[in-house]
Amino acid sequence: WGALGHTTVAYIASSLVAPSTQIYFQTLLNNNTDAYLAGVATWADSFRYTSAGRWSAPLHFIDAEDNPPVSCGVVYSRDCPIKGCVIGAIGNYTRRILDNEVSHYEKYIAAKFLVHFIGDIHQPLHDENLDIGGNGISVNFTGIPTNLHAIWDTNMPEKLVGSYSYAAAAKWAATLTAAIKTGAYKAETKAWLQGMDLNDPISSALTWASEANAFVCTTVMPQGVNAVRGQELSGAYYTAAVPVIQLQVARAGYR
Ligand code: DCM
Ligand code: DCM
Ligand code: DCM
Ligand code: ZN
Ligand code: ZN
């Protein structure tokens, strides 16, 4: 996701966690405001563009070598290379947060990565190999040439809420949090935790990646790449994508 998606995921999470969790992460992140998670949600994207942080770029996604729209699926052993992937990263940084031997500083870095990667794993094209996760598929959005990955990360979320700001993210998060607590998502939130096990974060993350990757076949390119390549996608395509974007941002925040 772009900054809007990541910041929204963080605001949802911070409005749902237990008070003891809030205090733990406010202390770890040295930020006592309501934006203690939102304030670090995009750090991993700045870091990966620095020379010191280039190693972390592959940790934002997993290139599932499936065959959309005919068949979708993530296989951890097949799709996560030596250089790493988002599933392995969620596993490693979750273990670091839980490990008493790990330093405060390393836990601080782990927390910043986790807030970001749990967002990214819910973006369907972060769980897809085809055309570099859709970065190689040229499309137009409101007349502007861009690519399929970028409209899922940024253009469609921004069209939905206006544009990017902390205030816009907080407002979108409040809407999705209400849907989680009392609205349209309430009945399904129990199912959102199925397969989640803090002692087996790789399996948990594989569940999330598989679920997001399935949307590549059903919503991102249901008629195949050639039906979207070169097309203007701000109309019917956008309308069909919005419920999936809302659901995936809500799930990421809840989880
Ligand atoms: N991005 C950035 N710095 C750059 C180029 C892009 O922060 N020099 C941002 C743009 C997108 C985000 O990275 O909002 C996409 O990354 P991801 O989806 O991995 O979070
Ligand atoms: N970092 C890391 N692993 C590395 C290099 C850096 O976890 N191999 C972390 C430490 C810093 C952040 O990334 O908090 C940015 O590092 P720097 O300030 O060295 O650019
Ligand atoms: N990305 C991805 N899968 C890849 C390569 C990149 O999901 N195989 C994501 C990471 C960023 C966006 O695409 O969100 C742009 O990546 P980059 O800035 O590396 O081109
Ligand atoms: Zn992306
Ligand atoms: Zn990212």
(request) With θ set to phi - 60°, apply the Karplus curve 6.51 cos²θ - 1.76 cosθ + 1.60 along segment 41-48 and write out the HN-Hα couplings as whole Hz, x wherever there is a Gly or Pro. (result) 5, 9, 3, 4, 6, 5, 4, 5
(message) On C-alpha positions alone, give me the angle between the axis of helix 19-28 and the longest principal axis of the chain, in degrees, nearest 10.
(response) 90
(message) How big is the chain along each principal axis, measuring the range of its Cα positions in Å and listing the largest first?
(response) 50, 39, 39
(request) Determine the sum of side-chain charges near Glu188: Lys and Arg each +1, Asp and Glu each -1, restricted to other residues whose C-beta is under 14 angstrom from that of Glu188. (result) +4
(message) Along the Cα→Cβ direction, 7 angstrom out, place labels at Ile109 and Val70. What is the inter-label distance in nm?
(response) 4.3
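Quick one: Kirkwood hydrodynamic radius for segment 20-66, alpha-carbon pairs, angstrom, one decimal? Intermediate values should be presented prior to the final figure.
Details: mean 1/r = 0.0792 Å⁻¹.
Taking every pair of different Cα atoms in segment 20-66, averaging 1/r and inverting gives 12.6 Å.
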(message) So if I take the centroid of the Cα atoms in segment 154-186 and the same for segment 206-235, what is the distance between those two points in Å?
(response) 21
(message) Let me check against my output: what whole-number percent is the relative contact order of the chain, with C-alpha pairs under 8 Å and at least 6 apart?
(response) 29
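Over 32 Å between Cα atoms, which of Lys83/Lys171; Lys83/Lys190; Lys107/Lys190; Lys107/Lys181; Lys83/Lys186 qualify?
Details: Lys83/Lys171 37 Å; Lys83/Lys190 34 Å; Lys107/Lys190 28 Å; Lys107/Lys181 30 Å; Lys83/Lys186 38 Å.
Pairs exceeding 32 Å: Lys83/Lys171; Lys83/Lys190; Lys83/Lys186.
Using r as the Cβ-Cβ distance of Val242 and Met196, and R0 as 25 Å, what FRET efficiency do you calculate, to the nearest 0.05?
Numbers: r = 26 Å, r/R0 = 1.04.
Working from the Cβ atoms, E equals 0.45.
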(request) Rounded, prolate or oblate: pick one for segment 118-244, where a ≥ b ≥ c are the square roots of the eigenvalues of its C-alpha gyration tensor, a/c under 1.5 means rounded, and failing that, prolate if a/b is larger than b/c, else oblate. (result) oblate
(request) Calculate, for Ala178 and Ala18, the FRET efficiency according to 1/(1 + (r/R0)^6) with r their C-beta to C-beta distance and R0 22 Å; round to the nearest 0.05. (result) 0.70
(request) Compute the FRET efficiency between Asp99 and Ala52 as 1/(1 + (r/R0)^6), taking r as their Cβ-Cβ distance and R0 = 22 Å, and round to the nearest 0.05. (result) 0.40
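Give me Met156, Met196, Met221 ranked fewest to most by other Cβ atoms within 10 Å of their Cβ, as a rough exposure proxy.
Listing Met156, Met196, Met221 from fewest to most nearby Cβ atoms yields Met196, Met156, Met221.
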(request) Mind pulling the angle between the C-alpha long axis of helix 201-215 and the longest principal axis of the chain? Nearest 10 degrees, somewhere in 0 to 90. (result) 20
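Going by C-beta contacts inside 10 Å, put Arg96, Arg251, Arg229 in order with the fewest on the left. Show your work: numbers first, answer last.
Working: Arg96 18, Arg251 25, Arg229 15.
Final ranking by Cβ density, sparse to dense: Arg229, Arg96, Arg251.
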(message) On C-alpha positions alone, give me the angle between the axis of helix 86-98 and the longest principal axis of the chain, in degrees, nearest 10.
(response) 10
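Taking a ≥ b ≥ c as the square roots of the Cα gyration tensor eigenvalues, with a/c under 1.5 meaning rounded and otherwise prolate when a/b beats b/c, else oblate, which class fits segment 172-255? Working shown, then result.
Numbers: a/c = 3.04, a/b = 1.45, b/c = 2.10.
Note, shape of segment 172-255 comes out oblate.
As a footprinting exposure proxy, order His60, His104 by other Cβ within 10 Å, with the fewest listed first.
Details: His60 23, His104 8.
Fewest to most other Cβ atoms nearby, the residues stand as His104, His60.
Taken together, the values in this text are just the output of simple stated rules run on the coordinates, not laboratory data. The structure presented is a predicted model; accordingly, all values stated were derived computationally and were not measured. FYI the Cβ positions are ideal-geometry reconstructions off the backbone, even for glycines, and counts take in every protein chain you see.
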